[in-house]
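The values are calculated or read from the model by the stated rules, or taken from the named source; none is laboratory data. Because the structure is predicted, anything quoted here is derived from the model rather than measured. Using ideal geometry, Cβ is built from the backbone for each residue, glycine included, and neighbour counts are taken over all protein chains shown.
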């Protein structure tokens, strides 16, 4: 299909032992109760929020690494970009309009979880919804996360809503899981 799709599928086959370089960049955040707890929240159809942020983080990692960007900031901003603790599908008005408000909720939660968050990581979290939110990312790493977020969300919706895409994804995942190093 292509490298971006391969990276997306690979994000569902990650292993902390085999993917040490990736996990080392954010294991303190990823394995926290706050981030692991996101698996109870739906994100896009049948995909939970933890799976979503993992796929965004891994695809962003691959893209940033290939382009010589600040991989650490990219990964740490990506893993925290949707750190909010509610189901955005519910009709409660306090978080409406969700698309505009949740980056600030995520940033507040990220600051509580990570006292050493950098300005670049803050900008990644706050600007990941561009162009819905009108101010664009300040850094290339923010653009990477914003684009990967949209790419992964599109894949998630296609996989959830179209049998043809779901079969293709499951087949690709089985092939990746069947190799020795997951690649």
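See the values below:
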{"read-out": "Positions within the range 131-155 being surrounded by fewer than 19 Cβ atoms within 10 Å (Cβ to Cβ) and at pLDDT below 95, in sequence order", "value": "131, 132, 133, 134, 135, 153, 154"}
{"read-out": "Flag if residue 115 is at pLDDT 95 or above and surrounded by fewer than 16 Cβ atoms within 10 Å (Cβ to Cβ)", "value": "no"}
{"read-out": "Residue 158 being surrounded by fewer than 17 Cβ atoms within 10 Å (Cβ to Cβ), touching a helix residue (DSSP H, G or I) at 6+ places or on another chain (Cβ under 7 Å), within 22 Å of residue 10 (Cα to Cα) and at pLDDT below 95", "value": "yes"}
{"read-out": "Residue list for the range 118-177, restricted to those being outside any helix (DSSP H, G or I) and free of Cβ contacts under 8 Å to residues at least 40 places away in the same chain", "value": "129, 130, 131, 132, 133, 134, 135, 136, 137, 138, 162"}
